[in-house]
Amino acid sequence: MKTTISLSTPAELETECLVAVVLDHADPAQKEKNKDAKPQLQVDSSDAALQSVSADLLASGEVTGKPFEINLLHKPAGLKAKRLLLLSGGPAKKFTSYDLRHAAGAAVRSLKSRGLRSFAFIAPSGIPADEAVRAIVEGAHVGNFDSDYYRSDRKDQKIDALTILTSGNTDKAALEKAASEAQIIGESQNFTRDLVNEPSNRMTPTILGERAKKMSQEVGLKCEVYGADKIKELKMGAFWSVAQGSDEPPALIVMTYEPAGAPAKPVLGLVGKGITFDTGGISIKPADGMEKMKYDMAGGATMIGAMRAIALLKPKVKVIGIVCATENMPSGKAQKPGDVQIAMSGKSIEIINTDAEGRLVLADGLYYARQLGCTHLVDAATLTGAVVVALGYANAGLFANDDAMYERFNKALDKAGEKMWRMPLDDEYKENIKSGIADIVNSGGRWGGAINAAMFLKEFAEDTPWIHLDIAGTAWMEEQKPWIAKGPSGIALRSLVEFVKSFAG
Ligand code: BES
Ligand code: MN
Ligand code: ZN
């Protein structure tokens, strides 16, 4: 999507469609008292012609002002635009860049399904211009993605060109920089979503490795893809214990970003779970819903997409991306409950449930990242069903062994417009992963399942500052929303990139 910043007045801009946000300025306290209180709707623009052409519609009582409500006018009088789309954003007081991202996504989805290829969006006045530009460009990219790849009747409608109108005394060059950075992030998020969307027969560990290599060549990253021999040579017994049951070879993907002039420390490690299909192994999953386990490589795909964005944005900090990719299959070669495995770190693991495989591959991934010199670690994984029980679909689970890391990541979340919720890692939970025969078990049972999984990973992060993101409930949209299609969401990528940038000064 080509993005352009324009300082033109909205009325003067020639475009297929001008999109303006409508906000409700009614006092929320009044609304509390009187449910029938009328909304006070205003187009968020000082353009007189735009105000005038919208006035009758907004006064008619036909517009509720509820978020994502859409009203489309053709040949709006006094505007050079062919159409005017009034997009409601809800109460003015609550409208933030988080909502603006969604509004931009909703505009894209609504207009592309009408066959439009380009439009112009008026940046709302209440949000700093650079922040608004970023939100609009990122949100528009999110909205532009559809997951129906393999439908013969796929329309593949896309918006190709977006103009953002900003007013006031603004620094156009700074806004253009914000737009191009946001475009890199939006495209990288959709690159991740492309990878996640592929079914397991078309996204094996080998193919995932090839995609990472190809991307790395394009953006100038170093990328190594290792196979079973290297995994065994490194003594990655936890990773291999999952991979051993599958005919499909595993892949250990290592992407390195080392910009000239970056300090020797910190070295950031981004470690992703790349289970291209999770049957559960011998502790096999029920058939119902098993098809969804093609997205069990979302954490890995997120790290590959994040490395793409980082390579293009060029922050001055070293970053290593590691993806542990394998299937989790039952077979005559598969590991069995009760087996004991020795992880790369030397810790022994009693396998209670072969379906708790994500933590096994990550255990070796995290330890390997530390061996490669990483001073700070973040992992992302569709790790547990329990995190969905705890937090539903709105927040990803966030775990941290270091408060400063958490604070830093929390700021990144805010800037990136993503929602995650910190969960505990108290020593009390360590009881749950004790084993009678080995150092730890790989499944701590049902209660606090997401925490038990994180406690397991903590054993391998040890004293390295580390954040774990459990994205099982947020990596896949179960239904479409006005701003996003059903399917892979690309969650965490934007926050990860923002987090990495925060180390570059
Ligand atoms: N990949 C699953 C977790 C998952 C569940 C991801 C739902 C996306 C949606 C993971 O490997 C798994 O099977 N976890 C088990 C752990 C249990 C056996 C301790 C779970 O959550 O049931
Ligand atoms: Mn599993
Ligand atoms: Zn899994």
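Out of the residues in region 465-504 meeting the condition of being assigned to a loop (DSSP other than H, G, I, E, B), surrounded by fewer than 24 Cβ atoms within 10 Å (Cβ to Cβ) and among the aliphatic types (A, V, I, L, M), tell me which one is modelled with the lowest pLDDT. Checked region 465-504; the qualifying residue modelled with the lowest pLDDT is Ala504. Looking only at residues in region 245-263 that are among the small types (Gly, Ala, Ser) and either crowded, with 17+ Cβ neighbours inside 10 Å or touching a strand residue (DSSP E or B) at 6+ places or on another chain (Cβ under 8 Å) (or both), the one that is nearest to Met203 (Cα to Cα) is Ala251. Sub-6 Å Cβ pairs linking a first residue in region 1-30 that is farther than 18 Å from Gln42 by Cα to a second residue that is among the hydroxyl-bearing types (Ser, Thr, Tyr), at least 6 apart or interchain, are Thr4/Thr163; Ser6/Thr163; Glu16/Ser118, ordered by first then second residue.
In region 273-392, counting only helices (runs of 4 or more DSSP H) that sit wholly within it, the ones holding 3 or more residues that are under 22 Å from Arg211 (Cβ atoms), within 16 Å of ligand 2 (Cβ to nearest atom) and touching a residue at least 40 places away in the same chain (Cβ under 8 Å) span 298-313, 358-371.
Hey, any hits in region 430-438 for a residue that's over 30 Å from His141 (Cα atoms), open to solvent by 20 Å² or more (accessible area, probe 1.4 Å), within 16 Å of ligand 3 (Cβ to nearest atom) and not polar (S, T, N, Q)?
Step one: of region 430-438, the residues over 30 Å from His141 (Cα atoms) are 430-438.
Remaining after also requiring open to solvent by 20 Å² or more (accessible area, probe 1.4 Å): 430-432, 434-437.
Adding the requirement that they be within 16 Å of ligand 3 (Cβ to nearest atom) leaves none.
Taking every residue of region 430-438 in turn, none turns out to be over 30 Å from His141 (Cα atoms), open to solvent by 20 Å² or more (accessible area, probe 1.4 Å), within 16 Å of ligand 3 (Cβ to nearest atom) and not polar (S, T, N, Q).
Any chance you could count how many residues in region 280-297 are open to solvent by less than 10 Å² (accessible area, probe 1.4 Å) and more than 22 Å from the chain's Cα centre (by Cα)? Spell out how you get there, then give the answer.
Let us first name the residues in region 280-297 that are open to solvent by less than 10 Å² (accessible area, probe 1.4 Å), namely 280-281, 296-297.
Adding the requirement that they be more than 22 Å from the chain's Cα centre (by Cα) leaves 280-281.
Within region 280-297, residues that are open to solvent by less than 10 Å² (accessible area, probe 1.4 Å) and more than 22 Å from the chain's Cα centre (by Cα) number 2.
With the requirement that a residue be touching a residue at least 60 places away in the same chain (Cβ under 8 Å) and more than 27 Å from Trp476 (Cα to Cα), what does region 125-160 give you? The answer is Ser125, Gly126.
Ala264 falls short on exactly one of the conditions (1) part of a loop (DSSP other than H, G, I, E, B); (2) within 16 Å of ligand 1 (Cβ to nearest atom); (3) closer than 17 Å to Leu377 by Cα, and that condition is (2). Examine region 203-211 for a residue that is within 30 Å of Lys314 (Cα to Cα) and assigned to a loop (DSSP other than H, G, I, E, B), and state whether such a residue exists. Looking through region 203-211, at least one residue is within 30 Å of Lys314 (Cα to Cα) and assigned to a loop (DSSP other than H, G, I, E, B).
Could you list, in sequence order, all residues of region 267-300 that are hydrophobic (A, V, I, L, M, F, W, C), within 16 Å of ligand 1 (Cβ to nearest atom) and over 15 Å from Ile471 (Cα atoms)? Of everything in region 267-300, those that are hydrophobic (A, V, I, L, M, F, W, C), within 16 Å of ligand 1 (Cβ to nearest atom) and over 15 Å from Ile471 (Cα atoms) turn out to be Phe277, Ile282, Ile284, Ala287, Met290. Residues in region 47-74 that are buried (at least 16 other Cβ atoms within 10 Å of the Cβ) and assigned to a loop (DSSP other than H, G, I, E, B): Asp47, Val63, Gly65, Pro67, Phe68, Glu69. Checking each residue of region 96-116 against the condition of being open to solvent by 10 Å² or more (accessible area, probe 1.4 Å), free of Cβ contacts under 8 Å to residues at least 60 places away in the same chain and within 22 Å of Ala173 (Cβ to Cβ) gives no match. Sort out which residues of region 177-187 are touching a residue at least 40 places away in the same chain (Cβ under 8 Å) and either in a loop (DSSP other than H, G, I, E, B) or over 15 Å from the mean Cα position of the chain (by Cα) (or both), and write them in order of number. Ala178, Ala179, Ser180, Glu181 - these are the residues of region 177-187 that are touching a residue at least 40 places away in the same chain (Cβ under 8 Å) and either in a loop (DSSP other than H, G, I, E, B) or over 15 Å from the mean Cα position of the chain (by Cα) (or both). From the list Gly392, Gly417, the one residue that fits, being buried (at least 20 other Cβ atoms within 10 Å of the Cβ) and farther than 26 Å from Met236 by Cβ, is Gly417. Suppose the filter is without any contact (Cβ under 8 Å) to a residue 40 or more places away in the chain and either within 19 Å of Thr166 (Cβ to Cβ) or not in a strand (DSSP E or B) (or both); does Lys93 pass it? No; evaluated as a whole, the condition is false for this residue. Here Ala174 clears all of (1) buried (at least 16 other Cβ atoms within 10 Å of the Cβ); (2) assigned to a helix (DSSP H, G or I) except the condition numbered (1).
The residues of region 345-374 that are open to solvent by 30 Å² or more (accessible area, probe 1.4 Å) and either more than 16 Å from ligand 1 (Cβ to nearest atom) or not charged (D, E, K, R) (or both), listed by number, are Ser345, Gly346, Lys347, Ile352, Asn353, Tyr367, Arg370, Gln371, Leu372, Gly373. Go through region 143-171 and give me each residue that's open to solvent by less than 60 Å² (accessible area, probe 1.4 Å) and either in a strand (DSSP E or B) or of a type in the set (Gly, Ala, Ser) (or both). Result: Gly143, Ser147, Ala161, Leu162, Thr163, Ile164, Leu165.
The values are calculated or read from the model by the stated rules, or taken from the named source; none is laboratory data. Please read all numbers here as calculations on a predicted model, not as lab measurements. As a convention, Cβ positions derive from the backbone with ideal geometry for all residues, glycine included, and neighbour counts pool all protein chains shown. Keep in mind that these areas ignore ligands, DNA and RNA; they rest on the heavy atoms of the full protein, side chains included. Shrake-Rupley method; radii C 1.70, N 1.55, O 1.52, S 1.80 Å.
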